1. For region 56-67, state whether one or more residues are part of a helix (DSSP H, G or I) and within 27 Å of Leu38 (Cα to Cα).
2. Can Glu23 be described as closer than 22 Å to Pro163 by Cβ and touching a strand residue (DSSP E or B) at 6+ places or on another chain (Cβ under 7 Å)?
3. Given the criteria at pLDDT below 90, closer than 30 Å to Leu154 by Cα and surrounded by 12 or more Cβ atoms within 10 Å (Cβ to Cβ), does Ile16 qualify?
4. Determine which member of the set Arg106, Arg34 is surrounded by 16 or more Cβ atoms within 10 Å (Cβ to Cβ) and either assigned to a helix (DSSP H, G or I) or at pLDDT 90 or above (or both).
5. Which members of region 37-57 meet the condition of being farther than 13 Å from Glu120 by Cα and surrounded by 13 or more Cβ atoms within 10 Å (Cβ to Cβ)?
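The values are calculated or read from the model by the stated rules, or taken from the named source; none is laboratory data. From a predicted model like this one, the values you see are computed outputs, not experimental measurements. Cβ placement follows ideal geometry from the backbone for every residue including glycine, while neighbour counts extend to all protein chains displayed.
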Amino acid sequence: MDRPCNQTKYTLVEDIESDIDKELGKYTIIPEFRDLALKILRRNNKIESSERNRMYDKHQKQRSELQSQRDSLIDYLHRGLIDEDEYKHQKNRIQVEIDGKDQLLRNTEKRADDWMELNEKAFNFATYARIHFQDGDVRTKRDILKTLGKNLTLKNNELTIEPNEWLVPIAENYSEIERSYLKVRTNKKTTSKEMEVALAPIYENWRAQWDLNPRHPA
């Protein structure tokens, strides 16, 4: 005998998309806020580039010194200043340090290449994802949903989504940031430079939280 289906409610695609739209609303920022934020980030990126270059040169110099130490070991061995066991021990120790410096150099290069691009993509997603989801085709909606979060569950006609970590600071802090932004913006006597100065610390604090998770939208 056929068992009756326990599912007594049916979830419409429109209802699911409505839930996703509401979820996206938690992480949506206004376009003019994005524009000013990116302006500040680009300016600060130039400053940070100097610091990254300084650190890169420092690591490169240390790596060269380690390479010289490793190259000298074979001379010490031939001159009898160290035995074979000591040679192998010191060579392996120095190689571990060289590998560590190589990793630091790669990380510094990657951060320099990716940092601004990742932040621009993150701000663009936060600004336009909701609009694109509302107007987009199936593929667009799927890509936005993938960027939005993971572990989607549908229970009793209620959709829950675990947001990607880089989005969490938006939901937690943006409403307060927007209020500060609008307050400064509505003061007609405030110049654009004064607005940047007033809002830069807020952006920096927010961006620092985004940087805790580098896996921004691809």
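1. Of region 56-67, the ones part of a helix (DSSP H, G or I) are 56-67.
Now drop any that are not within 27 Å of Leu38 (Cα to Cα), which leaves 56.
Yes, region 56-67 contains at least one residue that is part of a helix (DSSP H, G or I) and within 27 Å of Leu38 (Cα to Cα).
2. Details: closer than 22 Å to Pro163 by Cβ: yes; touching a strand residue (DSSP E or B) at 6+ places or on another chain (Cβ under 7 Å): yes.
Against the criterion (closer than 22 Å to Pro163 by Cβ and touching a strand residue (DSSP E or B) at 6+ places or on another chain (Cβ under 7 Å)), Glu23 qualifies.
3. Values: at pLDDT below 90: yes; closer than 30 Å to Leu154 by Cα: yes; surrounded by 12 or more Cβ atoms within 10 Å (Cβ to Cβ): yes.
Yes; evaluated as a whole, the condition is true for this residue.
4. Arg34
5. If the condition is that a residue be farther than 13 Å from Glu120 by Cα and surrounded by 13 or more Cβ atoms within 10 Å (Cβ to Cβ), then Asn44, Glu48, Ser49, Arg52, Met55, Tyr56 are the ones that fit.
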